Amino acid sequence: MAGFLSTVQTPGLLGARGVAASSPVSSPARRHAHIQVCCKGNVEGLEAAGHEERLRFRRRDFIGGCVGTAIGLEMIEGSTKFTGVATAADLIERRQRSEFQSSIKDTLYKAIKAKPELVPSLLTLALNDAITYDKATKTGGANGSIRLELSRPENSGLSGALDLLTEAKKEIDSYSKGGPFSFADLIQFAAQSALKKSFLDAAIAKCGGNEEKGRTLYSAYGSNGQWGLFDRTFGRADTQEADPQGRVPDWSKASVQEMKDRFVAVGLGPRQIAVMSAFLGPDQAATEERLIADPDCRPWVEKYQRSRETVSRTDYEVDLITTLTKLGSLGQKINYEAYTYPKQKIDLGKLKL
């Protein structure tokens, strides 16, 4: 563990509030002496907060809000007046989640590569699951409910995509050490894998079909590094009920105005409709032909068409990643401790001193 922790960067210190371990702690002011390492933003928050508030500083704040890494050692009252609580455990949990996520991506990539014809359906599956969100009631969203809604007209033709994910889930659950993988996460991460495959395929096509050169091109100019925020949105919970009907249009039959109305209802708009044209049916070109006739969508469709012709495709790929990240967050309270290994319980009664 010492070797692992020694590699961690320490962006800032609490200065005078940090007390050496050998310091006397008999006075009330020093009874809770602690050493804290965290990023600047959290330091400012702690300085402004009261002492009790600082003691309640939770590890979720490290995981969700701090760009740097935090390692905290606090002394709090107990039977002996001192109980060490090390947030180094948080780093272990983050590593566990990261390793699990990497394995998930490998499984999904292989499954999708074997059935590339399902890529459009996987994208629509993610869109239709998330866009049921209703801001007024705060219901719906990326909660895995679509697995219970496949009989609806707007979800016609998506059963093959869900079957692929159900099989992949069996493999993922077999190596998960932190419980079953949720469909809510599975559906959104499958969309990510499908997009990454389409991005890589585009790079290979630009290299005349040479896979090695295409991978090199994507490594040099691709958008893979833009997925950081999406990857942290990991820990969605499954609902056990279908979302209310009528919230999702049948994209193949809906007018552009109906599309805009639905996107606006969840906080998106014409720009996001244009960049997500591949999510709105199996034929992206046909969808864009409809969208380009709308004055609100036209400039965005043209922008992304031009971007796809460039070597890096930056505008298109980055905006698409950003939109999928927003979409996959709708209606979700993320459990940042999901999929971590069960904590070993210690029977203190068996300890001999």
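The values are calculated or read from the model by the stated rules, or taken from the named source; none is laboratory data. Fair warning: this is a prediction, and the values are worked out from it, not measured in the lab. Backbone-built Cβ (ideal geometry, glycine too); neighbour counts: all protein chains shown. The area values use the complete protein model at the heavy-atom level, side chains included, leaving out ligands, DNA and RNA. Shrake-Rupley method; radii C 1.70, N 1.55, O 1.52, S 1.80 Å.
Couple of notes before you dig in:
- Applying a threshold of 6 Å to beta carbon distances and a minimum spacing of six or more residues, or different chains, the list of pairs starting in segment 256-281 at a residue that is farther than 22 Å from R308 by Cα and ending at one that is small (G, A, S) reads F263/G269.
- Test: residue in segment 264-287 that is under 29 Å from G140 (Cα atoms), acidic (D, E) and open to solvent by less than 20 Å² (accessible area, probe 1.4 Å): no
- Among the residues making up segment 183-213, those that are open to solvent by 50 Å² or more (accessible area, probe 1.4 Å) and assigned to a helix (DSSP H, G or I) are D201, A205, K206, E211, E212, K213.
- Candidate set: segment 295-353, residues that are among the basic types (K, R) and either modelled with pLDDT under 95 or open to solvent by 70 Å² or more (accessible area, probe 1.4 Å) (or both); chosen: the one farthest from P270 (Cα to Cα): K352
- The set of residues in segment 153-182 that are open to solvent by 30 Å² or more (accessible area, probe 1.4 Å), within 16 Å of N128 (Cα to Cα) and part of a loop (DSSP other than H, G, I, E, B) comprises S156, G157.
- The set of residues from segment 130-150 being charged (D, E, K, R), surrounded by fewer than 17 Cβ atoms within 10 Å (Cβ to Cβ) and modelled with pLDDT of 95 or more comprises just one member, D134.
Residues checked against (1) among the hydrophobic types (A, V, I, L, M, F, W, C); (2) under 22 Å from the mean Cα position of the chain (by Cα):
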| position | (1), (2) |
| --- | --- |
| L229 | yes, yes |
| T239 | no, yes |
| D243 | no, yes |
| V248 | yes, no |
| K253 | no, no |
| K260 | no, no |
| R271 | no, yes |
| G281 | no, no |
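- Search result, residues across segment 96-117 that are open to solvent by 30 Å² or more (accessible area, probe 1.4 Å), part of a helix (DSSP H, G or I) and touching a residue at least 24 places away in the same chain (Cβ under 8 Å): S103, K105, Y109, K113, P116
- Those residues of segment 91-138 which are under 19 Å from the mean Cα position of the chain (by Cα) and of a type in the set (S, T, Y), in sequence order: S98, S102, S103, T107, Y109, T124, T132, Y133
- Qualifying residue in segment 311-325 (condition: of a type in the set (D, E) and without any contact (Cβ under 8 Å) to a residue 40 or more places away in the chain): yes
Residue-by-condition table, conditions (1) loosely packed, with under 15 Cβ neighbours inside 10 Å; (2) at pLDDT 95 or above; (3) not charged (D, E, K, R):
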site	(1), (2), (3)
R215	no, yes, no
W227	no, yes, yes
R232	no, no, no
Q240	yes, yes, yes
P244	yes, yes, yes
R247	no, yes, no
